[in-house]
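Beneath this line is the structure, given in structure tokens, with notes to follow.
Where a number appears in this text, it was derived from the coordinates with a stated rule and is not lab data. The structure presented is a predicted model; accordingly, all values stated were derived computationally and were not measured. We place every Cβ from the backbone using ideal geometry, glycine too, and count neighbours over all the protein chains shown.
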């Protein structure tokens with residue numbers, strides 16, 4: 001059976017829809033109210049049968065997907081995927097759902113780029129630079145800031161910065177055990193970041209995005225002797241150096257300190273969009289403070305339960321969002337490249353919502 005056969009396409013989409021909604025075939029049978037049997041659903045998923053319109057409507061409502069979703073040809077899956085936190089055996093079902101949600105979004109993203117004839121090729125700003133040590137990660141961060149013309153100032157919007165440099169980002173509904181992931185679709189880097197991070201101080205979301213960017217930049221630049229555990233140490237080093245470069249750090253704090261006041265830490269946190277914990281990690285990495293002082297900080301951090309909320313969280317006000325995908329869809333609509341129903345399908349909203357927004361947009 002050809003992969004372009006409608007039955008094959010529907011079969012793959014049905015599997016994906018179930019994974020995204022967390023429904024087994026038995027639960028899907030119940031969710032559609034017995035419109036068809038488990039056996040029939042199984043045959044759909046094996047590509048042996050096609051559903052009629054009544055079944056399609058029921059499956060669409062049960063899984064929360066549009067009709068068009070089930071007939072959109074599949075593109076490449078996300079490869080080389082790395083999750084921000086280790087996934088336990090019990091969390092693997094959740095990680096599969098997250099991956100399938102992201103795959104669906106990125107397929108729609110690449111579809112609108114294709115419709116508009118936009119080539120979003122990614123060029124690694126590190127060139128052929130090898131990454132082996134923490135010092136290499138520091139130099140890589142400096143190189144990226146230079147290539148992307150970031151200077152030494154704070155990055156105002158990390159999410160937008162990634163999009164502007166052809167790294168696609170998706171905000172995924174994920175449990176608290178998942179912060180984000182990175183991966184590749186063909187030669188295109190993609191990042192997923194958990195929506196629940198929007199409800200906290202955005203410094204954590206910024207760090208997560210830059211941590212995932214590090215994994216993307218490291219692709220094919222780590223020697224064979226660099227194992228996964230070392231990569232997980234180098235990634236936050238690069239992320240921290242991007243948020244607060246060494247020269248900027250020394251400008252704010254000097255090169256050697258016997259103590260640091262909470263007022264200073266909060267001021268730099270607000271200025272650079274970096275957590276106090278990450279600032280102290282940078283101070284330790286750059287040998288600005290003693291080991292004893294570093295240990296005292298973490299003792300206080302645990303005693304005060306700052307993991308649940310640091311001082312200054314309410315003072316940092318940032319924007320970590322991007323509307324590029326939505327803008328591209330409305331651009332295609334305005335230029336007559338797609339219909340309102342196609343725009344609704346791409347944005348996963350109703351045609352009425354498109355009509356209201358487009359009317360206001362004109």
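Protection proxy ranking, highest mean first, for peptides 39-47, 189-197, 101-109: 189-197, 101-109, 39-47, where packing is the per-residue count of other beta-carbon atoms within 10 Å, averaged. Length gained on full extension, residue 262 to residue 351, computed as 0.36 nm times the residue gap minus the Cα-Cα distance: 26.9 nm. Kindly state, to the nearest 0.05, the FRET efficiency for residue 12 paired with residue 300, given R0 = 51 Å and r defined as their beta-carbon distance. It comes out at approximately 0.45.
Taking every DSSP beta bridge that has both ends in the chain, the antiparallel portion is near 60%. With contacts taken as Cα pairs under 8 Å and at least 6 residues apart, segment 1-74 reaches a relative contact order of 43 percent. What angle, in degrees between 0 and 90 and rounded to the nearest 10, separates the Cα long axis of helix 351-361 from the longest principal axis of the Cα atoms of the chain? Taking Cα atoms only, the helix is inclined about 50 degrees.
Ranked by the mean number of other Cβ atoms within 10 Å of their residues, highest first, the peptides 315-321, 113-119 come out as 315-321, 113-119.
Summarising the label geometry, the points placed 7 Å from Cα in the beta-carbon direction at residue 121 and residue 321 lie 3.4 nm from one another. Highest mean first, the peptides 61-74, 205-218, 265-278 sorted by other C-beta atoms within 10 Å per residue fall in the order 205-218, 265-278, 61-74. Using the Cβ-Cβ distance between residue 5 and residue 247 with R0 = 51 Å, the FRET efficiency computed as 1/(1 + (r/R0)^6) comes to roughly 0.30.
Report the calculated FRET efficiency for residue 339 and residue 129 (r = Cβ-Cβ distance, R0 = 45 Å), to the nearest 0.05. Taking R0 as 45 Å, the efficiency between residue 339 and residue 129 is 0.45.
Quickly estimate the mean residue ellipticity at 222 nm for the chain, helices only: each DSSP H run with n ≥ 4 gives -39500 (n - 2.57), and the total goes over all residues, rounded to 500. So the helix-based figure for the chain works out to -16500 deg cm²/dmol. As I understand it, the value is the acute angle between the Cα axis of helix 324-334 and the longest principal axis of the Cα atoms of the chain; what does it come to in degrees, rounded to 10? Tilt relative to the chain: about 40 degrees. Helix 228-243 versus the longest principal axis of the chain: what angle, 0 to 90°, nearest 10, using Cα atoms? Orientation of helix 228-243: about 70 degrees from the principal axis. Find the relative contact order for the chain and round it to a whole percent, using C-alpha pairs within less than 8 Å whose residues are 6+ positions apart. Once divided by the residue count of the chain, the mean separation gives 16 percent.
The mean sequence distance of close C-alpha pairs (under 8 Å, at least 6 residues apart), as a share of the length of segment 251-362, puts its relative contact order at 20 percent. Of all DSSP bridge pairs formed entirely within segment 117-267, close to 50 percent run antiparallel. For segment 121-154 and segment 213-253, compute the distance between their C-alpha centroids and round to whole Å. Segment 121-154 and segment 213-253 have Cα centres separated by 9 Å. Where in segment 138-163 does the label zone of residue 220 land, with the point 7 angstrom along Cα→C-beta and an amide N cut-off under 15 Å? Residues passing the 15 Å test: none.
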